[in-house]
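Following: one structure in C-alpha cells, then a few remarks.
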Amino acid sequence: MKMAPKGNDVIVSDRKLEMILSMKGGNGEASYANNSQAQAIHAQSMLHLLRETLDNIQLMEPPSETIPFALADLGCSCGNNTLYIVDVIIKHISKRYEASGYEPPEFSAFFSDLPSNDFNTLFQLLPPIGSSMEECLASDTHRSYFAAGVPGSFYRRLFPTRSIDFFHSAFSLHWLSQVPESALDKRSMAYNKGKVYIHGANEHTANAYKKQFQTDLAAFLGARSKEMKRCGSMFLVCLGRTSADPTDQGGPGILFGTHFQDAWNDLVQEGLITGEKRDSFNIPVYASSLQEFKEVVEANGSFVINKLEVFKGGSPLVVKQPDDAAEVGQALANSCRSVAGVLVDAHIGDQLSEELFKRVERRGSCYAKELIEQLQFFHIVASLSFA
C-alpha cells in the first residue's frame with residue numbers, strides 16, 4: 001500500500017471502503033467503545049420491539065438439543081452494546097423454551113463486521129462461558145453461548161445456507177458499501193462539490209446516494225434470504241429520516257453536514273488542504289425514508305414485513321451537563337470521530353485529522369445550545385420474517 005507525504009498530497013490506498021471502514025477501536029477517549037452510550041440508550045428504548053420479533057420465531061421441538069440456536073449480530077462493532085443485545089436475545093428465547101416445557105438448546109452467537117473492525121477489543125469484553133444455562137440466566141458474569149467472529153461485508157453472503165435462526169443489525173445499514181462514484185466525478189451532475197456529505201446537496205447527488213442505499217439494501221436482503229432458516233426472523237435498525245426530501249438528512253445532516261463540514265472548509269481556507277482534497281471525501285451514510293426502505297423489501301419479495309416504523313431515537317450526544325458548552329463541543333467531536341475518524345485519518349493523515357476534529361470541537365462549543373436542542377436521530381425499525 002503506497003502512501004504519499006502528509007498534507008494535500010496524501011493519497012488514500014485504493015483498497016475498497018470495506019477494507020478501511022470501521023468504528024474507532026481501542027478504549028481511548030474518541031473510541032467507539034467510549035462513545036456509543038447514545039446507541040445503547042436508543043437500543044434499550046426499542047427492546048420491546050426486539051422481543052416482539054423474537055416471539056415470531058418458530059421454536060424447534062425436541063429432539064433439537066443437538067441443533068444449536070444460531071444468531072448473528074451484523075455490524076457488531078467493538079463495544080458492550082452488541083454483547084448486551086445478544087444476552088437479551090438468548091435470555092428471551094430461553095424463557096420461551098422453558099415456558100413451553102422444553103430445555104433450551106445450545107446457542108451460537110456470531111459477531112460480524114468488516115475485517116477492519118477491532119475484534120480484539122470486542123472479544124476481550126466477552127465474559128467466560130458458564131457451565132449451565134441456569135447459572136448464566138442467574139448471573140451477568142457468565143455467558144450462555146458459544147461465540148465466533150465473522151469478518152466480512154454484510155452486503156454479501158457470510159453464512160452457510162439456512163444456518164441462522166435470527167439476524168440482528170442495529171445502527172449499521174445506513175453505512176453504504178461505497179460512496180457513489182458519480183458523487184466524486186467532476187464530470188457528473190451528481191458531483192458533490194464543496195461538501196463532504198449529502199445534507200443540502202443537489203438533487204442529483206442525493207439521488208445517487210438513494211440509489212446506492214437501495215442497491216445495498218437489496219444485496220443485504222438477498223444474502224440473508226439464503227442464510228436464514230425458514231422459521232427465522234430478522235430485526236433491523238438504521239438511521240432514518242422523516243422528510244421526503246433526501247437532501248434533508250435530519251440528525252445525520254446536522255452531525256456531518258454543519259460543523260463537521262465547516263471544519264473541512266476551515267482546513268481549505270487555512271491552506272492546509274486543497275478544495276479538491278475536501279471534495280474527494282464524502283461520508284458514505286444515507287438516512288432512508290420509510291417508503292424507500294419499504295420499496296426495497298417488497299421488491300425483494302423474500303420477506304414479510306411484521307413491523308416497519310420510524311422510531312425517535314434521541315440525541316447522539318450524551319453529556320452530563322448540557323449547559324457546559326465545552327462538554328457539548330467535545331461530545332460532538334468525539335461522536336464524529338468515533339464513527340468517521342478512521343476514514344478521515346485515511347484521507348488526510350493523522351496530523352490533519354487531529355486539526356480537523358479540534359475545529360469540530362471548537363465549533364460545537366460555539367453552537368452548544370442549538371446542538372442540544374436540534375440534534376435528534378430517527379431510526380427505521382424493521383421486523384421481517386420469511387414470506
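Which condition breaks for Gln321 when tested against (1) touching a strand residue (DSSP E or B) at 6+ places or on another chain (Cβ under 6 Å); (2) surrounded by fewer than 16 Cβ atoms within 10 Å (Cβ to Cβ); (3) outside any strand (DSSP E or B)? Checking Gln321 against (1) touching a strand residue (DSSP E or B) at 6+ places or on another chain (Cβ under 6 Å); (2) surrounded by fewer than 16 Cβ atoms within 10 Å (Cβ to Cβ); (3) outside any strand (DSSP E or B), the one that fails is (1). The set of residues in the stretch 80-101 being among the small types (Gly, Ala, Ser), out of contact with any helix residue (DSSP H, G or I) (no Cβ under 8 Å at 6 or more places or on another chain) and in contact (Cβ under 8 Å) with a residue 40 or more places away in the chain consists of Ser100 alone. Being among the β-branched types (Val, Ile, Thr) and at pLDDT below 90 holds for only one residue in Ile129, Ile93, and it is Ile129. Considering (1) surrounded by fewer than 22 Cβ atoms within 10 Å (Cβ to Cβ); (2) out of contact with any Pro (no Cβ under 7 Å at 6 or more places or on another chain); (3) at pLDDT 95 or above; (4) not in a loop (DSSP other than H, G, I, E, B), the lone condition that Arg162 does not fulfil carries the number (4).
Annotation: of all residues in the stretch 68-111 being assigned to a strand (DSSP E or B) and not hydrophobic (A, V, I, L, M, F, W, C), the one that is surrounded by the fewest Cβ atoms within 10 Å (Cβ to Cβ) is Ser108. A single entry from Phe281, Phe220, Phe235 fulfils the requirement of being in contact with a strand residue (DSSP E or B) (Cβ under 7 Å, 6 or more places away or on another chain), crowded, with 16+ Cβ neighbours inside 10 Å and in contact (Cβ under 8 Å) with a residue 12 or more places away in the chain: Phe235.
Just one of (1) in a helix (DSSP H, G or I); (2) under 25 Å from Gly301 (Cβ atoms); (3) among the small types (Gly, Ala, Ser) fails for Gly253. It is (2).
Restricting attention to the stretch 292-321, the residues that are closer than 18 Å to Leu217 by Cα, in contact (Cβ under 8 Å) with a residue 40 or more places away in the chain and not small (Gly, Ala, Ser) total 14.
Which of the numbered conditions does Ser188 fail, given that it passes all the others? Conditions: (1) touching a His at 6+ places or on another chain (Cβ under 8 Å); (2) within 30 Å of Ala387 (Cα to Cα). Tallying (1) touching a His at 6+ places or on another chain (Cβ under 8 Å); (2) within 30 Å of Ala387 (Cα to Cα), Ser188 fails exactly one: (2).
The values are calculated or read from the model by the stated rules, or taken from the named source; none is laboratory data. Note that the coordinates shown come from a computational prediction; the quantities given were computed from them, not determined experimentally. In this analysis, Cβ positions are derived from the backbone assuming ideal geometry, glycine residues included, and neighbour counts consider all displayed protein chains.
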